[in-house]
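One structure is given below, encoded as structure tokens.
The values are calculated or read from the model by the stated rules, or taken from the named source; none is laboratory data. From a predicted model like this one, the values you see are computed outputs, not experimental measurements. We place every Cβ from the backbone using ideal geometry, glycine too, and count neighbours over all the protein chains shown. Just the protein is used for accessible areas: all its heavy atoms, side chains included, with ligands, DNA and RNA removed. Shrake-Rupley method; radii C 1.70, N 1.55, O 1.52, S 1.80 Å.
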Amino acid sequence: MNYFITTPIYYTNDKPHIGHAYTTISCDIISRYNKLLNKNVLFLTGTDEHGQKVEKAAKDSKIDPKQFVDKLSINFEKLVTFLDCDADDFIRTTEERHIIAAQSFWNKLLKNDQIYLSDYEGWYSVRDEAFYQESELVNINGKLQTKLGAPVDLIKEESYFFKLSNYEERLINFYEKNPNIISPKSRYNEVLSFIKNGLKDLSISRTTFKWGVQVPNNPKHVMYVWIDALCNYLTAIDYPNTESQKFKNYWPATHIVGKDILRFHAVYWPAFLMAADLEPPKKIFAHGWWTNEGQKISKSLGNVIDPYLIVQEFGLDQIRYFLFSEVPFGNDGDFSKKAISKRVNADLSNNYGNLIQRILSFIVNNCNSSIKPSFDFTEDDKNLLNNFSDKYKNYLNYMNNFQIDRAIKSVMELLSNTNAYVDSQAPWSLKKTNHQRMNVVLFIILNIIIKSTIMLIPIIPSSTSKVLSYFNIQKKLIGFQNFEDLVDYEITVNKPKPIFPRIDE
Ligand code: ME8
């Protein structure tokens, strides 16, 4: 089975911050999960390098736009590796392959009679790279701005338009027939009501600056940055060659985006695709926004969180774990150092780390580092194994529905139950009284540790890889095939090192 997942492509007007890291990690989690399901995954990320906002940032730095984006794009590309994100492709919209794809897409819309030339007069926000109706703006001290405070300019220029108004009915039908395409549900309702409020034709070219993909056959115009940017998802799978194996395998895609850019992905993009005779996206998931210690994150407030620094302070897997266990994926969340320490100590150090530490040390010290398979189970054993099956099923269900926090919670509950089982079975006492029974107990615990670790791979890939290395585990076991079967060979373990040292709260 094939699976194509994308992050938004990030503007190269500034350095990456925690919000960018959050979206990219979320896609990595979903991508790694699907890889463990043995799917053939393509995970795409990259940078959005054209438009007025990027051009302005280059001008402010007195650097030529191309040199400017070359420099800034590298920061985003490096961040992907730094965050341990297993992306398969990193796309830049200034690449030749993308310019060809975007212009071919434009030509297809033109050929299908979906574009016309006229004049645009109205409001534009460079910060959002978005056109606004006057009714969407608010008047603050005699000046109009967007509801989220972005400044707007009144612009009047010749422009190509996309016949978006023709897609009202089609989009409504499409979403009413496929209500699960947009998640969470509240976002679906939001998009549907936006469409039902009426769609106007959309300006899709600009003439007052040059930093963009040129409109074919009319060098006065550059494409509106959003039509250029959205096409990146097609570029990466060989568009305009829709006959390529890559294209056939991977389209349509799953798009993960922040709630700020849902409208572009869930209204404009499907309409563009329909207009170009292509299938609309398979899935659009909009996640929430992070605040910093209760405050909106913004450059002017000086509270932007640098992903490099925060990882340096707490560790990468600690941050990955925090971001996705603390807040339901889809909701807004508040970033606080106290919350990170609490969460990491409770779940990773105490619940998961201690279990591994005490069991593996015990086996190394008392069982010659190895445990033979034993299947002579008591009621208590069966209860724990049934609990494992239940939690595993929940985990799959939650992960399939992008409920990452709940999936993590299922694993943590399983680990708590396993810790309670360790205490009640007390292998250290069994060592003196019943060796055979001790072996059964340890065999079950090792199985659950191994399986919980595999379930945690998408969230904390580097720590789980260390844990798995203690088990000399066969590679074929790392995945969800035959996952419920217990290991049927002797498990040898290595002496563990503490993986999640407690953070000083
Ligand atoms: O919008 N909390 O790029 P962008 C969570 N180039 N996520 C956040 C966040 C926060 N505080 N701040 C930003 C663009 N994000 C366009 C996209 S796609 C064809 C073009 C994340 O650099 C979130 O995913 O402004 C948001 O959608 C994205 O960064 C915006 O990145």
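I100 exposes around 80 Å² of accessible area when a 1.4 Å probe is run over every protein chain in place. Normalised by 2.2 N^0.38 Å, where N is the number of residues, the alpha-carbon radius of gyration of the range 230-325 equals 1.44. For I172 and K393, the difference between the fully extended length at 0.36 nm per residue and the C-alpha to C-alpha distance is 76.2 nm.
With a simple spin-label model that places each label point 7 Å from the Cα along the Cα-to-Cβ direction, the separation between K466 and D380 comes to 3.1 nm. For the chain, hydrophobic long helices are taken as DSSP H runs at least 18 Å long by C-alpha position along their axis with mean Kyte-Doolittle hydropathy of 1.0 or more; these are 435-456. In sequence order, the range 246-254 has phi-based couplings of 4, 4, 5, 5, 9, 8, x, 9, 9 Hz under the Karplus curve 6.51 cos²θ - 1.76 cosθ + 1.60, θ = phi - 60°, and Gly or Pro positions carry x.
Before anything else, pin down the relative contact order of the chain: Cα pairs under 8 Å, at least 6 apart, normalised by residue count, whole percent.
With pairs under 8 Å counted, the relative contact order is 15 percent.
Specify whether the C-alpha gyration tensor of the range 98-208 places it in the rounded, prolate or oblate class, a ≥ b ≥ c being the square roots of the eigenvalues: rounded for a/c under 1.5, otherwise prolate if a/b is larger than b/c and oblate if not. Taking the square roots of the gyration eigenvalues as a ≥ b ≥ c, the range 98-208 is oblate.
Taken one residue at a time, the phi angles of the range 332-340 give Karplus couplings (6.51, -1.76, 1.60, θ = phi - 60°) of 6, x, 10, 8, 9, 5, 4, 5, 4 Hz. Gly and Pro are set to x.
First check a/c for the range 176-252, with a ≥ b ≥ c the square roots of the eigenvalues of its C-alpha gyration tensor; if it is under 1.5, answer rounded, and if not, answer prolate when a/b is larger than b/c or oblate otherwise. Oblate shape, in that a/c is at least 1.5 and b/c is the bigger or equal ratio.
Quickly estimate the mean residue ellipticity at 222 nm for the chain, helices only: each DSSP H run with n ≥ 4 gives -39500 (n - 2.57), and the total goes over all residues, rounded to 500.
Taken over the chain, the calculation gives -14000 deg cm²/dmol.
Spin-label model, N107 to F82: label points 7 Å out along the Cα-to-beta-carbon direction sit 4.0 nm apart.
Apply the a/c threshold of 1.5 to the C-alpha gyration tensor of the chain and tell me whether it is rounded, prolate or oblate.
prolate
Amide H contacts of F4: L42, T254, each under 5 Å away and 5 or more positions distant or on a separate chain (H built 1.01 Å from N in the peptide plane; Pro and chain starts excluded). Taking a straight Cα-Cα cut-off under 13 Å and skipping sequence neighbours fewer than 8 places away in the same chain, the aspartates and glutamates within cross-link reach of K466 are D317. Using a cut-off of 23 Å between Cα atoms, the listed pairs K296/K338; K108/K282; K337/K391; K15/K53 include K337/K391 as exceeding that distance. Remark on V304: its backbone amide H falls under 5 Å from those of S298, a criterion applied only to residues 5 or more positions apart or on other chains, H modelled at 1.01 Å from N.
The listed peptides 40-48, 474-482, ordered by packing as a protection proxy, come out as 40-48, 474-482 (highest mean of other Cβ atoms within 10 Å first).
Between E313 and A150, the C-beta separation translates, for a Förster distance of 45 Å, into a calculated FRET efficiency of about 0.90. Once the chain from W289 to K143 is taken as fully extended at 0.36 nm per residue, the excess over their C-alpha distance is 49.9 nm. Using C-alpha pairs under 8 Å with a sequence gap of at least 6, the mean separation divided by the residue count of the range 94-224 gives a relative contact order of 24 percent.
Taken along the Cα-to-beta-carbon direction at a fixed 7 Å, the label points for M1 and D504 span 4.8 nm. For Y132, the amide hydrogen comes within under 5 Å of the amide hydrogens of W123, Y124, S125, counting only partners 5 or more places away or on other chains and with H modelled in the peptide plane. Backbone phi angles across the range 288-305, fed through the Karplus curve with coefficients 6.51, -1.76 and 1.60 (θ = phi - 60°), yield HN-Hα couplings of x, 10, 8, 10, 10, 6, x, 10, 4, 7, 7, 4, 5, 7, x, 10, 5, 8 Hz in residue order; Gly and Pro are listed as x.
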